[in-house]
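First the structure, in the form of structure tokens, and then the observations on it.
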There are 2 protein chains.
Amino acid sequence: MPYKSQAISEGFLYTDQYQLTMAQLYFRLGLHEREVQFDHYFRTYPDYGGHQAGYCISAGLEWLVAWMRQTRPSDEDIAYLRSQTGDRGQRTFTDDFLEWLSKKASFEMLTLRAIPEGRVVHPHVPLTTVTGPLAMAQIFETPLLNKLNYPTLIATKAARIRDAGRGQLILEFGLRRAQGSAANDGARAALIGGADFTSNVGLSNILGLSPKGTHAHSMVQVFMALGGTELDAFQAYADLYPDNCLLLVDTVDTLESGIPNAIRVFEELRRKGYEPVGIRLDSGDLAYLSLRAAQMLNDAGFHNAKIVLSNQLDELNLWQILTQIELSASQYDLEADKVIKRLVYGIGTRLITSRGAGALDGVYKLVSVHQNGSWKPAIKISESRDKVPTPGHKGLWRLYDSKGMAIADVMSQDDEDPRESHALQLHHPIDQSKYRQVTQSELSEIEPLHETILQGGELRYDFPSLEEIRQQRERDLNRLYPGVRRLINPHMYHISLTNRLWQLKQDMIESAKRGENRD
Amino acid sequence: MPYKSQAISEGFLYTDQYQLTMAQLYFRLGLHEREVQFDHYFRTYPDYGGHQAGYCISAGLEWLVAWMRQTRPSDEDIAYLRSQTGDRGQRTFTDDFLEWLSKKASFEMLTLRAIPEGRVVHPHVPLTTVTGPLAMAQIFETPLLNKLNYPTLIATKAARIRDAGRGQLILEFGLRRAQGSAANDGARAALIGGADFTSNVGLSNILGLSPKGTHAHSMVQVFMALGGTELDAFQAYADLYPDNCLLLVDTVDTLESGIPNAIRVFEELRRKGYEPVGIRLDSGDLAYLSLRAAQMLNDAGFHNAKIVLSNQLDELNLWQILTQIELSASQYDLEADKVIKRLVYGIGTRLITSRGAGALDGVYKLVSVHQNGSWKPAIKISESRDKVPTPGHKGLWRLYDSKGMAIADVMSQDDEDPRESHALQLHHPIDQSKYRQVTQSELSEIEPLHETILQGGELRYDFPSLEEIRQQRERDLNRLYPGVRRLINPHMYHISLTNRLWQLKQDMIESAKRGENRD
């Protein structure tokens, strides 16, 4: 897209038309600066088709906030809105509303609270809450969802892949197959959720990471087309990058040509005082080839050479590959653990597009409206019971058991502090019949999950570094029971409401149902 | 993402690290300005899980070319590359290479030929060909794939949804659920492939379209939270937008509250001299509710009010909804055709993310290298037979039968003109045993499919308007046999090689196999 178009299409008008027409309605009725609160949450874990996640990893916040702080309606945006007309030719937006937009509209007037990036998160609880003037909070719905749903989806997929890969190094290779410009948002999220590095050069630059890569089949092909051989290509590459020699061995024939040629080049490198990095396998039976490669490299004395695997990897086929290596290693006189410890994964399409579950169902629901000096909870009841949002301003807490493991996320009314009660009655957010009681003595910690990010037009939060975000992710994952982390059929983590909040929700549902009869 | 970071991460470094390290290798060997050709093609139609497409719609070219023409390495890009170091601290990129990049690197030095946007396209044939200096053609691989794969995927999904929806109006609603910044690339592709309008305001602005929308549940909720009713909300909306009154009727209860309230408001509007646009249904059994809504609107005299459907729509559930309407309409004393003719579809998540098939498997393969004054075809043979690219410079032709319907896409050697032969032997690109013969007398037209887009540093192509692209799409789809357009289990369209090209490919495979033994 031309740069000029990009500035227009990713600025203030990066929203749905109905947000602007609703904002104008609120303006007309004098409600545009009425304080309201919207909650952002997702309803279900991503289901990749027969295997659904048992947790998510939050991501996207820092870039969302950067967008909020730099985005205001430009003169061109206002001119475009002024030019919009209905079917009879009358203008859609009136001058007084456009003047308000032009002079007042800023996302910085919103108060944003959020669960920080890199944290384990679950459905039905507010990942972010937005409080502020109705018109701006409404317009903000679309960009907020756009900028948080996808990163959280990808950080989650990356965490699952990391789990399946048993913590071995992960390189994000998805730029060419990403959904267009999603590549950068997605790579950052992958780096938060579980990838160690990316091949994406520009993104590595802005994040201060080293971009990683090997070489392509085309490099070998160029040499061969010019009358040379795979070995010539490997030698040339090793001469230029003696310190970073990672060779792709499947252009001609992995076992017959690629690995033997790589070993010849590695031997030369070693004679010159360099250690090779390793080889990359990009086709065929990656478990079998990993074992054969390990054997051949060991026999040649390259016990530390890495084996990089790529080609449509995701959590399930990594799990399958590692299982096969464990079951078969002894046939090759290898120790499975040692083979696995030298693996590196290059993960492309299936991570950057979250294969099987291409969207997180994050929503943004009105939960409270300010009226006559106090906040009034709001609810929406028509759809199925699991789509009824939890009304009002809420606190959000994570309970840890005596072993320090997370056992439930609990929403309270915002004037409740669960740390002060001796016992907590925890209600299932949807199913009336499900509740349990926990006492303080069973718990080691009750942790508030929300941070204030923006308030009073000011940034109130120090964004952590990528490394700190990753440490947070590791801490959170280590405090999840293995059953919740399971790749398939995970144990359902408990999402709960305190007794008081549960009662409010029931009362409001009842009263809204009675209210229906008025219409 | 902060604007500054965006400029860095979407500029010249929007590529994979290995493209740059390979480019430096070519530079070191004096091969960087060697002329080569890469072909870009996809291998398989998107498979959405049990239903695979039988055709694709090409998209993305205009924005790719805009990016090529505006993108050069910035001083900051070069500085970043200069700062990269290997594990022993030595620099990855040397000054002479960086100077060449800084002074010479431009994607405009590449010759780009392509099948235009909006055309029906098929696997294995080059959608674009890139000819030019090896180093730049190599670096260009990643951005080209990134900027063409996804739009073609989405234009294809949109065309299928349009087919399933029998040509009724389609509104693209995907911004909030898109994979981050993919939203704009995706919405443009949807508009090429089958959507009529989008709710995305900024994108509508740059494309010169009217953005479309209704209102959200939250608008009704605001009124109710402040002590009002759904009817109050509808009335306020109708007062402000009397000319564009489309009401979302499922916030409280669609049949008991939403539609009756909408009808009351529509009656008032009509008394004031306005015609309502219609209603939107966003939950529940959309087929049943469409019929009930049509009945209620008809009974109230609003035979032309539109019924907009939304909520996780895609080609299969649209097909199901329309089938159910056809089977059930008579029970409601309705004519199915008339109900269908008033439907409009709002399509969100499943279009913008291409649910079920989140990536097109487009690849970019070296097919020719210039040597000693002539072009030498290149091939890569190691993987499975269907992954062997067709070597050399090629012509690409579409054959139409005597009824004017497309029956095959044929690749030839570039000095062949199939229009000049009396008969054509058409070989399957992979399966040796499959071929057929067609004579000119069976054909009404042989159409060359490639256009020259960039050559000699100049733009050689007038990009058509969105409307022209859509007309092209309609013409192409009308020339596909219905069996190929089928949503499920489509007839496989023929992709073929001429006899000469087929022979070249076989010879090269044989010779490469013999060549392997040398290594």
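In the stretch A:8-23, is there at least one residue being of a type in the set (S, T, N, Q) and either modelled with pLDDT under 95 or in contact with a Cys (Cβ under 9 Å, 6 or more places away or on another chain) (or both)? Step through it out loud before you land on a result.
Quick first cut of the stretch A:8-23, residues of a type in the set (S, T, N, Q) only: A:9, A:15, A:17, A:19, A:21.
When the remaining residues are screened for being either modelled with pLDDT under 95 or in contact with a Cys (Cβ under 9 Å, 6 or more places away or on another chain) (or both), the result is A:9.
So far as the stretch A:8-23 goes, yes, one or more of its residues are of a type in the set (S, T, N, Q) and either modelled with pLDDT under 95 or in contact with a Cys (Cβ under 9 Å, 6 or more places away or on another chain) (or both).
Let me confirm something: among B:95, B:77, which residue is surrounded by fewer than 21 Cβ atoms within 10 Å (Cβ to Cβ), assigned by TED's automatic domain parsing to the domain that holds residue B:449 and acidic (Asp, Glu)? I'd like the intermediate steps shown before the answer.
On the way: B:77 fails: surrounded by fewer than 21 Cβ atoms within 10 Å (Cβ to Cβ).
When all the criteria are applied, what remains is B:95.
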Query - Search result, residues across the stretch A:407-447 that are over 23 Å from residue A:476 (Cβ atoms) and among the polar types (S, T, N, Q) - result: A:413, A:421, A:425, A:432, A:433, A:437, A:439, A:441
Query raised in the report: Would you say residue B:65 is in a strand (DSSP E or B), within 11 Å of chain A (Cβ to nearest Cβ) and among the aliphatic types (A, V, I, L, M)?
Result: no
Report summary line: Selection from the stretch A:162-186 of residues under 18 Å from residue A:56 (Cβ atoms) and under 13 Å from the mean Cα position of the chain (by Cα) yields A:182, A:185, A:186
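Quick grid of which residues meet (1) touching a strand residue (DSSP E or B) at 6+ places or on another chain (Cβ under 8 Å); (2) at pLDDT below 95; (3) at the interface with another protein chain (Cβ under 7 Å from one of its Cβ atoms):
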{"residue": "A:203", "(1), (2), (3)": "no, no, yes"}
{"residue": "A:241", "(1), (2), (3)": "no, no, yes"}
{"residue": "A:253", "(1), (2), (3)": "no, yes, yes"}
{"residue": "A:262", "(1), (2), (3)": "yes, no, no"}
Query - Among (1) within 28 Å of residue A:352 (Cα to Cα); (2) without any contact (Cβ under 8 Å) to a residue 60 or more places away in the chain - the single one residue B:354 does not satisfy - result: (2)
Query - Checking residue B:54 against (1) surrounded by 15 or more Cβ atoms within 10 Å (Cβ to Cβ); (2) away from every other protein chain (no Cβ under 12 Å); (3) at pLDDT 95 or above; (4) more than 15 Å from the chain's Cα centre (by Cα), the condition it does not meet - result: (4)
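For the stretch A:372-385, which residues satisfy the criterion of being part of a strand (DSSP E or B) and either touching a residue at least 12 places away in the same chain (Cβ under 8 Å) or within 27 Å of residue A:155 (Cβ to Cβ) (or both)? Working first, answer last.
Start the filter on the stretch A:372-385 by keeping residues that are part of a strand (DSSP E or B), which leaves A:374-377.
Those that are part of a strand (DSSP E or B) and either touching a residue at least 12 places away in the same chain (Cβ under 8 Å) or within 27 Å of residue A:155 (Cβ to Cβ) (or both): A:375, A:377.
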Requested in this report: Identify the residue in the stretch B:353-400 that is β-branched (Val, Ile, Thr) and facing another protein chain (nearest Cβ under 8 Å) and, among all such residues, is nearest to the chain's Cα centre (by Cα).
Outcome: B:353
Requested in this report: Collect the residues in the stretch B:481-502 that are assigned to a helix (DSSP H, G or I), buried (at least 18 other Cβ atoms within 10 Å of the Cβ) and either of a type in the set (Phe, Trp, Tyr) or without any contact (Cβ under 8 Å) to a residue 60 or more places away in the chain (or both), keeping them in residue-number order.
Outcome: B:502
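Could you tell me how many of the residues in the stretch B:19-37 are more than 28 Å from residue B:353 (Cα to Cα) and crowded, with 21+ Cβ neighbours inside 10 Å? Spell out the reasoning first.
At the first step, the residues of the stretch B:19-37 found to be more than 28 Å from residue B:353 (Cα to Cα) are B:20-37.
Retained after the next criterion (residues that are crowded, with 21+ Cβ neighbours inside 10 Å): B:20-27, B:32, B:36-37.
Of the residues in the stretch B:19-37, 11 are more than 28 Å from residue B:353 (Cα to Cα) and crowded, with 21+ Cβ neighbours inside 10 Å.
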Report summary line: Considering the stretch A:324-352, residues that are within 14 Å of chain B (Cβ to nearest Cβ) and not β-branched (Val, Ile, Thr), and then whichever is farthest from residue B:216 (Cα to Cα), we arrive at A:346
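So for the stretch A:82-90 (the condition being over 14 Å from residue A:61 (Cα atoms), crowded, with 17+ Cβ neighbours inside 10 Å and in contact with a helix residue (DSSP H, G or I) (Cβ under 6 Å, 6 or more places away or on another chain)), does at least one residue qualify? Reasoning before the result, please.
First, the residues of the stretch A:82-90 that are over 14 Å from residue A:61 (Cα atoms): A:82-90.
Still in the list and also crowded, with 17+ Cβ neighbours inside 10 Å: A:84.
Cutting the leftovers down to in contact with a helix residue (DSSP H, G or I) (Cβ under 6 Å, 6 or more places away or on another chain) gives us none.
No, because not a single residue in the stretch A:82-90 is over 14 Å from residue A:61 (Cα atoms), crowded, with 17+ Cβ neighbours inside 10 Å and in contact with a helix residue (DSSP H, G or I) (Cβ under 6 Å, 6 or more places away or on another chain).
Can you say whether residue B:48 is within 35 Å of the chain's Cα centre (by Cα), under 21 Å from residue B:153 (Cβ atoms) and either more than 12 Å from chain A (Cβ to nearest Cβ) or at pLDDT below 95 (or both), as far as the supplied structure shows? So that I can check it myself, show each step before the final result.
Numbers: within 35 Å of the chain's Cα centre (by Cα): yes; under 21 Å from residue B:153 (Cβ atoms): yes; either more than 12 Å from chain A (Cβ to nearest Cβ) or at pLDDT below 95 (or both): no.
So residue B:48 fails the test.
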Query raised in the report: Among (1) buried (at least 18 other Cβ atoms within 10 Å of the Cβ); (2) touching a residue at least 60 places away in the same chain (Cβ under 8 Å), where does residue A:341 come up short?
Result: (1)
Report task. Inspect the stretch B:458-480 for any residue being under 30 Å from residue A:225 (Cα atoms) and exposed (fewer than 13 other Cβ atoms within 10 Å of the Cβ) and give the result as yes or no. Result -> yes
Requested in this report: Run down B:399, B:424, B:454, B:443 and say which single residue is surrounded by 14 or more Cβ atoms within 10 Å (Cβ to Cβ), modelled with pLDDT of 95 or more and either farther than 19 Å from residue B:115 by Cβ or in contact with a Cys (Cβ under 6 Å, 6 or more places away or on another chain) (or both).
Outcome: B:443
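Within the stretch B:109-149, how many residues turn out to be part of a loop (DSSP other than H, G, I, E, B) and within 23 Å of residue B:505 (Cβ to Cβ)?
Initial filter on the stretch B:109-149 (part of a loop (DSSP other than H, G, I, E, B)): B:110, B:115-119, B:122-127, B:140.
From what is left, the residues that are within 23 Å of residue B:505 (Cβ to Cβ) are B:115, B:122-127.
Going through the stretch B:109-149 one residue at a time, the tally reaches 7.
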Query raised in the report: Among the residues of the stretch A:141-152, how many are facing chain B (nearest Cβ under 8 Å) and of a type outside the set (Phe, Trp, Tyr)?
Result: 7
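Please state which one of B:367, B:410, B:388 is in contact with an Asp or Glu (Cβ under 6 Å, 6 or more places away or on another chain) and either in contact (Cβ under 8 Å) with a residue 24 or more places away in the chain or surrounded by fewer than 16 Cβ atoms within 10 Å (Cβ to Cβ) (or both).
Numbers: B:410 fails: in contact with an Asp or Glu (Cβ under 6 Å, 6 or more places away or on another chain); B:388 fails: in contact with an Asp or Glu (Cβ under 6 Å, 6 or more places away or on another chain).
None of the other options fit; the residue is B:367.
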Requested in this report: State whether one or more residues within the stretch A:312-333 are out of contact with any helix residue (DSSP H, G or I) (no Cβ under 9 Å at 6 or more places or on another chain), of a type outside the set (Phe, Trp, Tyr) and over 30 Å from residue A:485 (Cβ atoms).
Outcome: no
Report summary line: Flagged in the stretch A:11-30 as at the interface with chain B (Cβ under 7 Å from one of its Cβ atoms) and part of a loop (DSSP other than H, G, I, E, B), in numbering order, are A:11, A:13, A:14, A:15, A:29
Query - Residue in the stretch B:159-186 that is surrounded by the most Cβ atoms within 10 Å (Cβ to Cβ), counting only those that are within 14 Å of chain A (Cβ to nearest Cβ) and assigned to a helix (DSSP H, G or I) - result: B:186
Query raised in the report: Among B:232, B:243, B:253, which is surrounded by fewer than 24 Cβ atoms within 10 Å (Cβ to Cβ), assigned by TED's automatic domain parsing to the domain that holds residue B:288, of a type outside the set (A, V, I, L, M) and touching a Lys or Arg at 6+ places or on another chain (Cβ under 6 Å)?
Result: B:243
Requested in this report: Tell me which of these residue A:152 doesn't satisfy, since it passes every other one: (1) part of a strand (DSSP E or B); (2) closer than 27 Å to residue A:392 by Cα.
Outcome: (1)
Report task. Take residue A:213 and decide whether it is within 12 Å of another protein chain (Cβ to nearest Cβ) and either buried (at least 23 other Cβ atoms within 10 Å of the Cβ) or among the β-branched types (Val, Ile, Thr) (or both). Result -> yes
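The values are calculated or read from the model by the stated rules, or taken from the named source; none is laboratory data. As the structure is a computational prediction, the values presented were derived from the model and not from experiment. With ideal geometry, Cβ positions are generated from the backbone for all residues, glycine too; neighbour counts draw on all protein chains shown.
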